[in-house]
1. From the residues in region 332-355 that are more than 17 Å from residue 312 (Cβ to Cβ) and touching a helix residue (DSSP H, G or I) at 6+ places or on another chain (Cβ under 9 Å), which one is surrounded by the fewest Cβ atoms within 10 Å (Cβ to Cβ)?
2. If I ask for residues that are farther than 30 Å from residue 380 by Cβ, touching a residue at least 12 places away in the same chain (Cβ under 8 Å) and touching a helix residue (DSSP H, G or I) at 6+ places or on another chain (Cβ under 9 Å), which ones from region 322-331 would you list?
3. Wholly within region 176-283, which strands (runs of 3 or more DSSP E) include no fewer than the required count, namely at least 3 residues that are in contact (Cβ under 8 Å) with a residue 60 or more places away in the chain, under 36 Å from the mean Cα position of the chain (by Cα) and outside the structural domain of residue 142 (by TED's automatic domain parsing)?
4. Does residue 307 satisfy being closer than 25 Å to residue 87 by Cα, within 17 Å of the chain's Cα centre (by Cα) and without any contact (Cβ under 8 Å) to a residue 60 or more places away in the chain?
5. Please find, among 240, 275, the residue that is modelled with pLDDT under 95 and under 30 Å from residue 357 (Cβ atoms).
6. Quick check: is even one residue across region 344-362 under 21 Å from the mean Cα position of the chain (by Cα) and either outside the structural domain of residue 146 (by TED's automatic domain parsing) or in a loop (DSSP other than H, G, I, E, B) (or both)?
7. Every residue in region 89-130 that is surrounded by fewer than 18 Cβ atoms within 10 Å (Cβ to Cβ), within 22 Å of residue 152 (Cβ to Cβ) and in contact (Cβ under 8 Å) with a residue 60 or more places away in the chain, please.
8. Go through region 330-343 and count every residue that is more than 15 Å from residue 98 (Cβ to Cβ) and either in a helix (DSSP H, G or I) or at pLDDT 95 or above (or both).
């Protein structure tokens, strides 16, 4: 392309010189010499191209100039497209929790220059840090709680799309009470859990409602999962709802504790119709970034899928990365906890069916949990 462009430009320069005859040389010479012999003037006149020649050269030059312009425009368009599609640095944000475990292998590869495109990663301890940066345009892609993605979609008037589900259920009921084996055994007991109006709260309320236990169970809210774990440490007969990796950590510290109920299984047992799943985390993208960098987003999806696969293929390495990123405190706990974190990669129609069903359940419990209304179909990115 560049050789053709150089050739075309040379042709234009030659044609331009022919069109002006030798006047350029004559003018240059006149600046150096005040007089010119009659013979030199006649010779210069004899070298002037004929009117027909000038016309032909003009047409050729015009044609070549047009071709050169078209070639230049094509090359420029190609370069701009390549810059837009592949040369962009994708800014990715994640939380220091289970939803980012499937991202760790990709983050490590990017740091070592082994990823297919450039990435800039931000890891935070609070969801607000990630969502604020996303809304302000400081992040392009983010891994966030499932219901928060719907809230952001409504808040930004549709400038957020979900591109994959990265984590399914991570909630478990933990206790040392030997009488708790089924959900019906929760009747007349107190359950300790984190924040009112958060995902664990909505999930538990849904399961209790569907099993006619809402009025016979007392919910005691704590601000952090560590506080719930502390209650269980002091009183093993207490019942606590915890996410991974806190479940594994609590059981490791007190051998009287164990998982008595799997909330994901309880959720799935209630889904007699449709494909609703207990979704913990999703990956979203800003639509203004997506519209200009679709190929970069698709490349991220491919690399994210490979990164999630590494969780099962090389657990030891991923566990070490989880510790280095301060997601899990110690490698032995990480090795036990990660397989129970339900790290996944779901896209397309399956993603839409699973997440739409989950958000519908939350909406029926409390519309504000999903931002006041359910997202429209354009919320779900289909490759």
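The values are calculated or read from the model by the stated rules, or taken from the named source; none is laboratory data. Predicted model only: the values in this text are computed from it and were never measured. Counting neighbours? That spans all protein chains shown, and the Cβs are built from the backbone with ideal geometry, glycine included.
1. If we take residues in region 332-355 being more than 17 Å from residue 312 (Cβ to Cβ) and touching a helix residue (DSSP H, G or I) at 6+ places or on another chain (Cβ under 9 Å), then 332 is surrounded by the fewest Cβ atoms within 10 Å (Cβ to Cβ).
2. Once the filter is applied, which keeps residues that are farther than 30 Å from residue 380 by Cβ, touching a residue at least 12 places away in the same chain (Cβ under 8 Å) and touching a helix residue (DSSP H, G or I) at 6+ places or on another chain (Cβ under 9 Å), region 322-331 yields 328, 329, 331.
3. The qualifying strands (runs of 3 or more DSSP E) are 239-243, 258-262.
4. Against the criterion (closer than 25 Å to residue 87 by Cα, within 17 Å of the chain's Cα centre (by Cα) and without any contact (Cβ under 8 Å) to a residue 60 or more places away in the chain), residue 307 does not qualify.
5. That would be 275, the only listed residue that is modelled with pLDDT under 95 and under 30 Å from residue 357 (Cβ atoms).
6. yes
7. Hit for region 89-130 is 96, nothing else.
8. 2
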